[in-house]
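Let me begin by presenting the structure, written as structure tokens, before commenting on it.
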Amino acid sequence: MDAPEPAAPDLTMKLPALTRDRRPRRVTPMLWLLALAVVSSAAGTDATQRVAPPPLHARTAQRLIIENAMVIYGNGRPAFGPADVVVEDGRITRVGTWTTGTARTADAVIDGTGKYVMPGIVNTHMHWHEWRVPSIPQPVQYERNLYLAAGVTTVRELGGNFRTSKRWQAESDAGTIVSPRILVYPRPDLGLLRTSEQIRLGVRRAKQDGADGLKIGGLDRDQLEALLDEAHRQGLRTAAHIGVEETTAADYIELGVDSIEHFYGVADAALGGVQRFPPGMNYSDERHRFARAGELFAQADPEALRAVVESMVEHGVAWSPTLSVYEASRDAVRAQNLPWYPDYLHPSMEAFWQPDPERHGSYLAGWTSSDEAAWRRNYRIWMDALLHFGRRGGLITTGDDAGYIYSLYGFGLIRELELLEEAGFHPLEVLTHATTNGAKLLGLDDRLGRVRVGYLADLLVVNGNPLENLRLLNPYGTSVAVDGRSVHGGGIEWTIKDGVPYHVSTLMAEVRDMVDEARAAGRGRVTAGQP
Ligand SMILES: [Zn+2]
């Protein structure tokens with residue numbers, strides 16, 4: 001940015017300034033003030049500190065009413081309303097039309113007229129990053145803000161720095177940081193030799209250390225047997241990233257994994273042999289690996305693939321496909337030129353994405369039309385398999401795996417919803433994948449994922465109807481037609497986590513400041529994408 005923000009901005013001055021943001025601001029200053037009064041009073045801040053950083057919050061003794069909104073419940077039932085949603089002490093205490101005579105006092109009121117309320121989104125596959133290239137630190141708050149702005153109120157981190165993530169989890173639960181709630185699934189330490197004893201010990205240690213589940217993969221059959229048996233004994237859920245290896249989805253399904261991430265192992269289980277890789281294939285070479293991965297579904301036997309997918313359903317194995325993170329493979333130019341990069345792409349992230357064989361997923365150097373054609377075929381077969389899986393009752397969840405291959409935190413998750421619609425699901429089903437299903441996979445469906453009385457108040461107030469256009473959830477907003485003209489609209493207005501409302505435009509203004517600051521420090525600039 002050009003100049004630092006004033007140390008003590010006047011609230012009334014700050015509000016007009018925020019309207020420089022691309023999205024129309026539909027909240028009235030009075031409502032924003034009311035909401036700020038809620039979140040700031042218990043946090044003990046004074047008025048001048050309310051604007052930035054984002055409202056620090058208190059989890060208790062708050063009463064919030066969202067008035068006159070349409071409600072998307074979360075489990076696939078049609079939207080209903082207009083209704084009022086009442087939140088007290090971080091929980092939903094009422095959903096319905098108001099009855100006269102009931103006390104209507106509240107610490108804050110959000111006018112939901114013309115808006116939709118839906119459950120917060122569960123991101124079932126993500127990673128926190130503190131930098132993407134070592135020379136440019138990337139503040140983790142950048143990612144937290146982006147996720148909240150995209151409506152993500154719960155994340156499942158797979159792998160990552162276990163100790164740090166557990167600390168962030170505790171801070172998020174205590175309400176001392178602005179962040180989605182976090183579930184931590186580390187990779188267990190399986191020992192040098194990966195003997196059955198070492199593997200079992202590693203699983204038990206992860207349990208003792210407080211893991212919420214495990215990320216697994218890269219295992220031979222005997223190792224997988226030991227690991228999943230011990231995980232079941234310890235009551236730890238498991239998420240599998242299956243590479244091209246001895247075990248395929250068939251092994252993981254048979255032995256009782258909870259979710260399969262991405263797609264690789266699924267196609268591999270339907271090959272009837274090994275992958276038909278060219279003789280020069282080197283799996284350590286990212287360019288080789290990702291180009292050839294785009295051919296795996298086409299190599300699979302269609303009947304065998306259906307059988308694998310049906311077996312997943314029978315065994316209760318969920319699928320977290322992360323469609324969005326591979327999308328650059330089918331359309332590199334699109335991925336490299338998304339309209340939110342100039343304002344919101346951190347230079348650390350931008351540098352990481354430049355093609356480099358040393359960096360995971362930065363493989364698009366010399367990407368060809370043939371590579372893209374293969375990946376487009378791959379997506380068609382993958383999406384058909386997903387649709388079949390969903391139609392048979394399989395549990396599909398949404399994860400963005402962002403921070404790689406031009407998938408930006410939060411934006412990737414909303415793109416994931418669009419791709420699930422492209423696969424053939426109704427938007428109402430897609431929102432079920434993103435909410436109820438995610439909560440179910442995490443074992444939190446008794447408290448999360450629905451706009452239901454007694455559930456935790458993780459709620460989104462959306463400018464418009466996301467069932468009409470899932471892109472309305474994009475933190476950048478989208479084109480909305482008004483009298484035949486394109487107007488920049490949409491976006492989530494408020495993301496509410498644990499009953500605490502976060503104003504999305506403010507979160508995004510802060511993201512922009514973080515990006516400006518890093519660029520001003522000479523740490524990078526947005527360049528045009530590479531054709
Ligand atoms: Zn991942």
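Go ahead and estimate [θ] at 222 nm for the chain from helices alone: -39,500 (n - 2.57) per DSSP H run with n ≥ 4, summed, over the residue count, rounded to 500. Don't jump to the answer; show the numbers that get you there.
Details: 19 runs with 186 residues, N = 531.
Roughly -10000 deg cm²/dmol at 222 nm, from the helical runs in the chain.
Take every DSSP beta bridge whose two residues both sit in the chain; close to 55 percent of them are antiparallel. Mean separation of Cα pairs under 8 Å and 6 or more residues apart, divided by the residue count, gives the chain a relative contact order of 20 percent.
Kindly report the accessible area of the chain per residue (heavy atoms of protein chains, probe 1.4 Å, no ligands, DNA or RNA), in Å².
Working: 20590 Å² over 531 residues.
Using a 1.4 Å probe on heavy atoms only, each residue of the chain averages 39 Å².
The modelled label-to-label distance for the pair residue 135/residue 343, using points 7 Å beyond Cα in the direction of Cβ, is 2.9 nm.
With a 1.4 Å probe and all protein chains left in place, how much of the accessible area of the chain comes from carbon and sulfur atoms, in whole percent? Mind showing how you got there, number by number?
Working: 10380 of 20590 Å².
Ligands and nucleic acids excluded, carbon and sulfur reach 50 percent.
An ellipsoid equivalent to region 405-497, defined through the eigenvalues of its Cα gyration tensor, has semi-axes of 25, 16, 13 Å when rounded to whole angstrom and sorted largest first. For region 126-190, the square roots of the Cα gyration tensor eigenvalues, ordered a ≥ b ≥ c, give a/c of at least 1.5 with a/b no greater than b/c, which places it in the oblate category. Every Cα-Cα pair in the chain was counted, and those over 33 Å apart are 40% of them.
Taking 12 Å as the cut-off, the amide N atoms of region 439-479 that come nearer than this to a point 7 Å along the Cα-to-beta-carbon line of residue 93 belong to 454.
Would you mind calculating the gained length between residue 204 and residue 334 on full extension (0.36 nm times residue separation, minus the Cα-Cα distance), in nm to one decimal? Please list the in-between numbers first.
Working: separation 130, 0.36 × 130 = 46.80 nm, distance 4.47 nm.
Fully extending the segment from residue 204 to residue 334 adds 42.3 nm.
Using 0.36 nm times the number of residues separating residue 233 and residue 77, minus their current alpha carbon distance, what extension gain do you get? Display every interim value, and only then the final one.
Working: separation 156, 0.36 × 156 = 56.16 nm, distance 3.63 nm.
My answer for the length gained is 52.5 nm.
Using C-alpha pairs under 8 Å with a sequence gap of at least 6, the mean separation divided by the residue count of region 271-338 gives a relative contact order of 24 percent. Placing a pseudo-label 7 Å from each Cα along the Cα-to-Cβ vector at residue 370 and residue 246 gives an inter-label distance of 3.4 nm. For the chain, the membrane-span-like helix rule (DSSP H, alpha carbon extent of at least 15 Å along the helix axis, mean Kyte-Doolittle at least 0.0) picks out 29-41, 302-314, 411-423, 504-518; this says nothing about an actual membrane.
The values are calculated or read from the model by the stated rules, or taken from the named source; none is laboratory data. This structure is a prediction, so every number in the text was calculated from the model and none was measured. FYI the Cβ positions are ideal-geometry reconstructions off the backbone, even for glycines, and counts take in every protein chain you see. Accessible surface areas use protein heavy atoms only, side chains included; no ligands, DNA or RNA. Shrake-Rupley method; radii C 1.70, N 1.55, O 1.52, S 1.80 Å.
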